[in-house]
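The values are calculated or read from the model by the stated rules, or taken from the named source; none is laboratory data. Small disclaimer: the values here were computed from a predicted structure and weren't measured. Quick reminder, even Gly has a Cβ in these numbers, built from the backbone with ideal geometry, and neighbours come from all protein chains shown.
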Amino acid sequence: MKQGEQITLDESTTSTFGTDEIIHSNGWPLSSQLSPALLGEVDLPGDKSVSHRALIFGALAVGETRIDGLLEGDDVLATARALTAYGVEIVRDGPGRWRVWGTGIGGFKEPASVLDLGNAGTAARLLMGVATHYPFATFFSGDTSLRGRPMKRAMEPLIEMGARVTTRSGCRLPLSLIGSTQLLPITYTMPVASAQVKSAILLAGLAAPGKTSVVEPSPSRDHTERMLTHFGAEISVVNDAESTRIITLTGQPELAGQKLSVPADISSAAFPLAAALIVPGSQLLLRNVGVNPLRAGLLDCVHEMGGEIKLQNARNLSGEPVVDIAVVASPLRGIDVPADRAPSMIDEYPVLAILAACADGQSRLRGLDELRHKESDRFASILSGLLAAGVSVSNEGDDILINGRGAPPPGGAKIKSHLDHRIAMAFLVLGLACRDGMAIDDGASISTSFPDFVDLMSSLGARIENV
Ligand code: S3P
């Protein structure tokens, strides 16, 4: 996108049912090869979760919100386009620097077309919460991956609050949601830990009178709660004895435009971090990485595996904790990852599986049913990708068992990425340490969260090539 460019919703960004299959059928095949030591200091892309929320809360606030460090990946651009379809003015001032002129809660206009959210599950579920404020229909769709993902979990509480929803069979996109000007505040107990669903409810609750509460049996990432506080909403969080979290929002606040800085995404930092751990002699400094405790479970795993990482220069960025991470190539040992750690590292299992494949001994990754509902069925993608690379791997129910041999597997396989950026990047990282490298059929999805992945990794010494 160009500087000063106001984003518009044109034909190329809307109503493209089916065209993603055509685009992706050619794909972007990539391979990674055994690489020399990765060395350098790295600035990583902005946090995807925080970037979506910065745009959405900016749009719901009154007046101007200035954002720097915004992730300019396809997923976040899909949110920006959807907000412009609702009549919100958004301008890009320069790389990562964006301004949003918020309309206030209730100030959106009816979109003239379907919101095509591409691959972005967070955009779909959070914007469903916002759409609940309006008595008109919003139509949601996305790419093949997003159209296959479950929406029932977000629809149910929103219907309880007063929304009417029609979907394709199986509660999948495309769906239409008609909201209400008389939303009911609810208390909702989450059946699964999901920050997207929690956020959809809290976003809907912004327009409801009184108090909307979400009860979380196990805590999920709290960027929405932090950002709501930053924008001036009244929100309380109570942790009870059984580690249940109860979040209560007072509805109909006046949110005021803010200045926000987005930290680098720990979920993106995870790829160079893992690569540095498994490629001998590597040494990297990853700057400005968000380490929200409800996101940083991977760092606990790396410590337990014996990986040498140091967190330096701890500070706060717009309500989020950040550090610089120094990482050095290290021998790793297998670990047992408890199921209750999953919400704090749910997006990091593909790359953790790569580390476990190179570690000494068995790793058991417990309680991973949720991985079946991500951009792809990551549970299956991890098992089949590791098997193809020559790793001894199996599952017992929702646990994945990986038998590392204290060295990288031979590799030499080409795996399917299934429109899943994290599967694509994880297996490219594995290939950097394998005698025979690794290949993926299609890296196009990488641009959803880490558009410069190939260039950045190459600048550190990684051998990743088009094939
Ligand atoms: C996200 C929440 C998680 C995560 C996703 C981003 C968010 O999804 O996997 O990549 O920004 O709220 P769930 O809410 O489905 O766990």
Original post:
Any idea which residue in the stretch 276-304 is farthest from Met345 (Cα to Cα), counting only those that are among the polar types (S, T, N, Q) and in a loop (DSSP other than H, G, I, E, B)?
Top reply: Ser282
Subject >> Segments classed as strands (runs of 3 or more DSSP E), wholly inside the stretch 308-401, with at least 1 members that are on the phi > 0 side of the Ramachandran plot >> reply: 308-317, 360-365
Subject >> Criterion: in a loop (DSSP other than H, G, I, E, B) and either in contact (Cβ under 8 Å) with a residue 12 or more places away in the chain or within 16 Å of the ligand (Cβ to nearest atom) (or both) - qualifying residue of Pro191, Pro174 >> reply: Pro191
Original post:
Take the residues of the stretch 74-104 that are of a type in the set (D, E, K, R) and crowded, with 19+ Cβ neighbours inside 10 Å: which is farthest from Ala131 (Cα to Cα)?
Top reply: Arg92
**OP:** For Val327, state whether it is in contact with a Leu (Cβ under 9 Å, 6 or more places away or on another chain), among the aliphatic types (A, V, I, L, M) and farther than 17 Å from Ala426 by Cα.
**Re:** yes
Original post:
Which of the residues belonging to the stretch 133-145 are more than 20 Å from Pro111 (Cα to Cα) and surrounded by 17 or more Cβ atoms within 10 Å (Cβ to Cβ)?
Top reply: Ser145
Subject >> Criterion (surrounded by fewer than 22 Cβ atoms within 10 Å (Cβ to Cβ) and touching a Ser or Thr at 6+ places or on another chain (Cβ under 8 Å)) met by exactly one of Ala356, Ala296, Ala276, Ala339 >> reply: Ala296
Subject >> Evaluation of Pro185 against (1) out of contact with any Leu (no Cβ under 6 Å at 6 or more places or on another chain); (2) under 27 Å from Thr448 (Cβ atoms) (one fails), failing number >> reply: (2)
Subject >> In the stretch 308-322, the residues that are under 25 Å from Leu355 (Cα atoms) and either of a type in the set (Lys, Arg) or not assigned by TED's automatic domain parsing to the domain that holds Ala269 (or both) >> reply: Lys310
Original post:
Looking at Ser344, Ser318, which one is of a type outside the set (D, E, K, R) and touching a Ser or Thr at 6+ places or on another chain (Cβ under 6 Å)?
Top reply: Ser318
